[in-house]
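**Student:** A single structure is presented below for examination.
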Amino acid sequence: MDPDKLVTLTGKDLAPRQLHRIAKGEAKVALAPEVKAVLLRDRAVVDRHVEAGEPVYGLTTGLGSKSTEALPREELAAFSLQTLRGRAQALGDPLTVSMARAVLVARLNGLCVGGSGASLAVAESLLACLNKAITPVIPQTGSVGASDLCVQAVMGLALTGEGEMFFEGDRLPAMEALERAGIEPLKLGPKDGLALCSSSAFSAGLAAMGQVSALRALRSTQVAAAMTMEGFRANASPLRVEALEARPQPGQIAAGEELRTLLNGSLLLEPGNARRLQDPLSIRCVAQTHGAVYATLDFLAATLDAELNGASDNPLLTEAGEMVSNGNFQTPLLGIALDSVARALAGLATASLARIARLLSPELSGLPRFLSLGSSGSAGFAPVIKPAEALLSEILHLANPAPLVNSASAEGVEDILTHTPLSALKLMQLLDKLDHLIAIELLVSVQAVELAKPQRIATGLVDVMFQIRGFSPPLETDRPLGREIETIVREMIAPGHLLEVAAS
């Protein structure tokens, strides 16, 4: 198999981009040779504790408020299935197939880390589902971020043949889907049920998808901002290295360097071509605004590295053969990182709307009012400000942090929550709104460039303009633009094609 289409999981070095490729069906999965030895070693520890009858949370005792109750040895395997059935209480709209696959990847890589005590069959079942493109139907609502029990229990139960799964475009009863895919239903042993549902894989998988999509959206906004600079004939001196290094806030130097690269070949980078000495802040401070997003994404990436390549199981098996009660399933830092990214993206979106408005104002842009090419009665792009403002309002709403509230769960045993899954899900929703706002800025800025008629613009932006005009011709007479905006999102922004064109 092409090595570019195979990701080998080790439990040590899974990156969000790799998880994203697997989740999108762009790569198959394999387990590193040493993983089997790790799983078998830990499973032997589980078997020893079962034989000895020692009290171990979730293995020989009940869960939550029933953790003090011992379980009969002959019921331990059945208790694994009962664990999933009792906790598969998620509800609401299902995750998309790619998002659900992200959860599977995160849980499988977590097993590869070691410490779960899951049987080898659990890892093999997850691996088979990923490689044969059969995906549990996982509702979105059910986790409060203190282990993703209820949503992952639905996932685990589907592997046994209960619940539903997506396969070949159909939503089927899990047993039927497994049969069609040629996969045997998973038979659970002691602790397997808990290993499937007691971890932060739901939060980590969705967060990784959000991280990759947020980075793509940021870079797409960089392209849109560069195009606006061309149409506005902006002063590019704020992008100079000397200026950015004078106060080297994290992210802004990288953002400025990328913008200079996007503007390569533009007259704006040559002295004497700026139209104004001081541009509006949405243009003048673009490196600072976008740099803040780069910095928060670096924060999220570091947090995700520990989350994806660490063990969030409770209890945790140590290399010394102990089973240790712990709190690694709690994800406060991941939630904070996700909310930080959302807040930074809200600032980016606010600046994007401001740039759109500046381009439509002849007093500031020096261009025809509303960038209209038609008669005096033409609305031009003026009405587009309304959906742009609506998008920004939704983005600002979604950028509010997830609530931190106490819990009444498990009779007070599970008394604090992180709501990290909410932070991950609302980030994904925010990014969809942002993609549409980026498309609007691109449409407006391309028309501004055409009206400004600069002698020369950046080489990559010429190609971007050509691609945009393939989906949306110049606005010469008033017409609905909604479908054209949606097409630009679907064909250029969401799949990353815009970035490829700009870099050509």
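The values are calculated or read from the model by the stated rules, or taken from the named source; none is laboratory data. Bear in mind the structure is a predicted one, so any value in this text is a computation, not a measurement. Using ideal geometry, Cβ is built from the backbone for each residue, glycine included, and neighbour counts are taken over all protein chains shown. Side chains included, ligands, DNA and RNA excluded: accessible areas come from the protein's heavy atoms. Shrake-Rupley method; radii C 1.70, N 1.55, O 1.52, S 1.80 Å.
**Student:** Starting from 0.36 nm per residue, how many nanometres of slack lie between residue 120 and residue 415 once their C-alpha separation is accounted for? Intermediate results must be reported in sequence, preceding the final value.
**Tutor:** Working: separation 295, 0.36 × 295 = 106.20 nm, distance 3.33 nm.
Separation in residues times 0.36 nm, less the Cα-Cα distance, equals 102.9 nm.
**Student:** Starting from 0.36 nm per residue, how many nanometres of slack lie between residue 469 and residue 326 once their C-alpha separation is accounted for? Show your work: numbers first, answer last.
**Tutor:** Values: separation 143, 0.36 × 143 = 51.48 nm, distance 5.65 nm.
This chain segment gains 45.8 nm when fully extended.
**Student:** Here is a further query. Helix-only estimate, please: 222 nm mean residue ellipticity of the chain, summing -39500 (n - 2.57) across DSSP H runs of length 4 or more and dividing by its residues, to the nearest 500. Spell out each step's value before the answer.
**Tutor:** Working: 20 runs with 276 residues, N = 504.
After summing the helix terms and dividing by the residues of the chain, the value is -17500 deg cm²/dmol.
**Student:** Can you work out D for the chain in µm² s⁻¹ from Stokes-Einstein, where Rh is the Kirkwood radius over C-alpha pairs, the temperature is 4 °C and the viscosity is 1.567 mPa s?
**Tutor:** 53
**Student:** Additional query: What length, rounded to one decimal in nm, is gained on full extension from residue 407 through to residue 168, with 0.36 nm per residue of separation minus their alpha-carbon distance? Provide the component values of the computation, followed by the final result.
**Tutor:** Values: separation 239, 0.36 × 239 = 86.04 nm, distance 3.99 nm.
Here the segment from residue 407 to residue 168 would lengthen by 82.0 nm.
**Student:** Sort 157-167, 251-261 by the packing proxy (mean of other Cβ within 10 Å over each peptide's residues), most packed first. Please report the intermediate quantities before stating the final value.
**Tutor:** Numbers: 157-167: 23.1, 251-261: 19.6.
Ranked by mean Cβ neighbours within 10 Å, highest first: 157-167, 251-261.
**Student:** Also, quick follow-up: When we measure straight from the Cα of residue 12, which lysines land under 16 angstrom away, once same-chain ones fewer than 8 places off are left out?
**Tutor:** Answer for residue 12, where 16 Å is the Cα cut-off: 36, listed by chain and number.
**Student:** Which of the pairs 132/191; 24/426; 28/187; 28/433 have their Cα atoms more than 22 Å apart in this structure?
**Tutor:** Values: 132/191 26 Å; 24/426 20 Å; 28/187 24 Å; 28/433 30 Å.
In this structure, 132/191; 28/187; 28/433 lie more than 22 Å apart at Cα.
**Student:** Given a Förster distance of 45 angstrom, what is the FRET efficiency for residue 285 paired with residue 497, based on the Cβ-Cβ distance and rounded to 0.05? Walk me through the numbers before you get to the answer.
**Tutor:** On the way: r = 28 Å, r/R0 = 0.63.
For R0 = 45 Å, the calculated efficiency reads 0.95.
**Student:** If the cut-off is 14 Å between C-alpha atoms, which aspartates and glutamates fall inside it for residue 453, apart from same-chain ones fewer than 8 positions away?
**Tutor:** 230
**Student:** Measuring with a 1.4 Å probe in the full set of protein chains, what accessible area per residue, in whole Å², belongs to the chain?
**Tutor:** 41
**Student:** What part of the accessible area of the stretch 124-237, given as a whole %, is carbon or sulfur when the probe is 1.4 angstrom?
**Tutor:** Numbers: 1510 of 2930 Å².
Reported share for carbon and sulfur atoms: 52 percent.
**Student:** Okay, next question. Using DSSP H assignments, which helices in the chain have an axial alpha-carbon span of 18 Å or above and a mean Kyte-Doolittle hydropathy of -1.0 or higher? Show your work: numbers first, answer last.
**Tutor:** Working: long enough: 33-52 (30 Å, -0.11); 97-113 (24 Å, 1.43); 201-232 (45 Å, 0.71); 286-308 (32 Å, 0.70); 332-360 (43 Å, 1.25); 385-398 (19 Å, 0.81); 420-452 (46 Å, 0.99); 459-471 (20 Å, 0.86).
Counting only whole DSSP H runs, the qualifying helices are 33-52, 97-113, 201-232, 286-308, 332-360, 385-398, 420-452, 459-471.
**Student:** Which FRET efficiency value, to the nearest 0.05, do you get for residue 180 and residue 91 by plugging their Cβ-Cβ distance into 1/(1 + (r/R0)^6) with R0 = 25 Å? Let's see the in-between values first.
**Tutor:** On the way: r = 26 Å, r/R0 = 1.04.
E(calc), rounded to 0.05, equals 0.45.
**Student:** Another one. Quick one: compute the contact order of the chain, relative version, from alpha carbon pairs under 8 angstrom and 6+ residues apart, as a percent.
**Tutor:** Numbers: 962 pairs, mean separation 85.3, N = 504.
Contact order relative to length: 17 percent.
**Student:** If you don't mind, there's one more thing I want to ask. Can you give the relative contact order of the stretch 148-203 as a percent, counting alpha carbon pairs under 8 Å and 6+ residues apart?
**Tutor:** Details: 70 pairs, mean separation 25.8, N = 56.
Here the relative contact order equals 46 percent.
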